[in-house]
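Heads up, the thing below is written out as C-alpha cells.
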Amino acid sequence: MAETRQYYELYRRSSLGGALTDTLDGLITDRRIEPQLAMKIVANFDKAVADVLAEKVKSRLSFKGHLDTYRFCDDVWTFIIKDINFKLDNSQQIHSDRVKIVSCSSKRPGEA
C-alpha cells in the first residue's frame, strides 16, 4: 500500500531545497528527467527533512527579542522577531537583527 501522507513544503525554500530545485530544473531543461520524476524527488525531500528533524535533532535553544509581527493562518504561526539573541545548549550566544520563525503543527496533515 503506497504512503499517502502529505508533508509540509516549508523546507523547499531553504538553501538546500533551493539547490535541489535548481538542479532538478536543469535536468528537466536538458531533458535528462521528466517533470513527474522531479515532483516525486521533491516530495521525498519533504518527507526526508521532516523525518530527520523529528528523529535526529535533539538540541534546544532559548531566545529573547522584540516581536515585530505575528500571524496565524491555516494552522501555521509566523513570527518576525527583531534584535534577537539566541542561547544554545552549549551556552554559546548568537545575535541577529531579524528572524522569521514559522511554526507548524507537529502532527502531520491527516493525523488525529
Subject >> Degrees, to the nearest 10: 15-29 long Cα axis against longest axis of the chain >> reply: 20
Subject >> Dipole magnitude (debye, nearest 20) for the chain, charges at Cβ of Lys, Arg, Asp, Glu >> reply: 300
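Tell me the mean residue ellipticity at 222 nm calculated for the chain from its helices only (DSSP H runs of n ≥ 4, each -39500 (n - 2.57), averaged over every residue, nearest 500). Intermediate results must be reported in sequence, preceding the final value.
Details: 2 runs with 37 residues, N = 112.
Roughly -11000 deg cm²/dmol at 222 nm, from the helical runs in the chain.
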Subject >> Under 21 Å from the Cα of Lys87 - lysines, other chains or at least 8 residues apart >> reply: Lys56, Lys58, Lys64, Lys100
Original post:
If one puts a single equal scatterer on every Cα of the chain and applies the Debye formula without solvent, what log₁₀ I(q)/I(0) results at q = 0.16 Å⁻¹?
Top reply: -0.97
**OP:** Using only Cα atoms, locate the centre of region 9-33 and the centre of region 67-106, then give the distance between them in Å, rounded to an integer.
**Re:** 27
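Ordered by packing density, taken as the mean number of other Cβ atoms within 10 Å over each peptide's residues, highest first, how do 65-72, 7-14 rank?
Values: 65-72: 11.5, 7-14: 14.1.
For the peptides 65-72, 7-14, the packing ranking is 7-14, 65-72.
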**OP:** Please compute P(r) over all alpha-carbon pairs of region 61-103, binned at 5 Å starting from zero, and give each bin as a whole-number percent.
**Re:** 6, 24, 25, 20, 15, 7, 2, 0
**OP:** List the relative contact order of the chain as a percent without decimals, with contacts defined as Cα pairs under 8 Å and 6+ residues apart.
**Re:** 22
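Each reported figure results from applying straightforward, stated rules to the coordinates on display, with no laboratory input. All of these numbers come straight from a predicted model, not from anything done at the bench. Neighbour counts are summed over all protein chains in view; Cβ atoms, including those assigned to glycine, are modelled from backbone coordinates with ideal geometry.
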